[in-house]
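To start, the structure itself, in structure tokens.
The values are calculated or read from the model by the stated rules, or taken from the named source; none is laboratory data. Because the structure is predicted, anything quoted here is derived from the model rather than measured. Cβ placement follows ideal geometry from the backbone for every residue including glycine, while neighbour counts extend to all protein chains displayed. Please note that ligands, DNA and RNA were not included when accessible areas were found on the heavy atoms of the full protein model with its side chains. Shrake-Rupley method; radii C 1.70, N 1.55, O 1.52, S 1.80 Å.
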Amino acid sequence: MVTAGAEQPVRIGVLALQGDVREHLAMLREAGAEAVAVRRPQELAQVDGLVIPGGESTTISKLARTFDLLDPLRAAAKEGVPMFGTCAGMIMLADRIEDGIPGQETIGGLDVVVRRNAFGRQVDSFEADLRLADLERPFHALFIRAPWVEAVGTDVEVVATVSSGPAEGRIVAVRQGHLLATSFHPEVTGDSRVHALFVEIVRQARAAGEHAG
Ligand code: GLN
């Protein structure tokens, strides 16, 4: 049965511990979602999906612990709440990290190995046009001390790789069911298509939940 809820825009949270919170909120709204900042477990419980912004994964991880959010975030990811991690957010979603600090904790859920600051000091920050699965035109991507995905499990779909230069072939966007992650910052280049892909993932997850319920 179609419920009234199916007509409502999806409500997506942006984890607001550190990073480009406002930019993500704006992109999600442009992509047709209702968007709210999330700092507390009660706020997390009220969203259909969550964006985890970039910043510094070690700091986000510590703040999530301090704010009593790390375990609720892990539980939500396990329960199937869609999450989209960008840069440090990708690191937060990874099951395994290379070059993390000792004891660095993640939310996990993505069956990948992610290497922090993978592109090296010389290329702290760079831009590249990427071909993303499901997007017709290339996406102009901004990388800032970005991680890359070093290894993926069998259920992980590679959504984008770097197409030229010294890092050619490196994996910079992945999806595993309800979890999406990019090494780059799609919130700052004025193109909401990656956010739109995530909004669609959230819509489908909510619709599936409504049918199941
Ligand atoms: N290098 C950062 C980290 O390890 C990520 C950088 C970013 O999010 N722009 O968390």
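Close Cβ contacts (under 7 Å, 6 or more residues apart or on different chains) running from residues in the range 46-63 that are in contact (Cβ under 8 Å) with a residue 12 or more places away in the chain and at positive phi to residues that are open to solvent by 10 Å² or more (accessible area, probe 1.4 Å) and within 16 Å of the ligand (Cβ to nearest atom) comprise Gly55/Gln18; Gly55/Gly19. Taking helices (runs of 4 or more DSSP H) as the structural unit, those lying wholly within the range 29-86 and holding at least 2 residues that are in contact with a strand residue (DSSP E or B) (Cβ under 9 Å, 6 or more places away or on another chain) and of a type in the set (Gly, Ala, Ser) correspond to 57-66, 70-79.
Every condition in (1) within 14 Å of the ligand (Cβ to nearest atom); (2) in contact (Cβ under 8 Å) with a residue 40 or more places away in the chain is met by Gln176 except one, and the failing one is (1). Assess whether Thr59 counts as being within 17 Å of the chain's Cα centre (by Cα), within 14 Å of the ligand (Cβ to nearest atom), surrounded by fewer than 24 Cβ atoms within 10 Å (Cβ to Cβ) and among the polar types (S, T, N, Q). The answer is yes for Thr59.
Return a yes/no flag: does the range 141-152 have any residue that is touching a residue at least 12 places away in the same chain (Cβ under 8 Å), of a type outside the set (A, V, I, L, M) and open to solvent by less than 20 Å² (accessible area, probe 1.4 Å). The answer is yes; a qualifying residue exists. Among the residues that make up the range 125-134, is at least one of them within 13 Å of the ligand (Cβ to nearest atom) and either within 22 Å of Arg175 (Cα to Cα) or small (Gly, Ala, Ser) (or both)? Yes: one or more hits. Among residues that are aliphatic (A, V, I, L, M), in contact with a strand residue (DSSP E or B) (Cβ under 8 Å, 6 or more places away or on another chain) and open to solvent by 50 Å² or more (accessible area, probe 1.4 Å), Val199 is not included. The set of residues in the range 73-122 that are acidic (Asp, Glu), open to solvent by less than 60 Å² (accessible area, probe 1.4 Å) and within 14 Å of the ligand (Cβ to nearest atom) contains only Glu105.
Considering (1) open to solvent by 40 Å² or more (accessible area, probe 1.4 Å); (2) away from the ligand (no atom under 14 Å from the Cβ); (3) touching a residue at least 40 places away in the same chain (Cβ under 8 Å), the lone condition that Thr66 does not fulfil carries the number (3).
Restricting attention to the range 163-176, which residues are in a loop (DSSP other than H, G, I, E, B) and closer than 17 Å to Val113 by Cα? Listed by number, the residues that qualify are Ala167, Gly169, Arg170. Within the range 101-115, residues that are on the phi > 0 side of the Ramachandran plot have Cβ atoms under 9 Å from residues that are basic (Lys, Arg) and open to solvent by 40 Å² or more (accessible area, probe 1.4 Å) in these pairs: Gly108/Arg74; Gly108/Lys78; Gly108/Arg96; Gly109/Arg74; Gly109/Lys78, counting only partners at least 6 apart in sequence or on another chain. Of all residues in the range 153-195, how many are open to solvent by 50 Å² or more (accessible area, probe 1.4 Å) and closer than 12 Å to Ala128 by Cβ? Selection size over the range 153-195: 6. Annotation note: of Val162, Val172, the sole residue that is over 16 Å from the mean Cα position of the chain (by Cα) and hydrophobic (A, V, I, L, M, F, W, C) is Val162.
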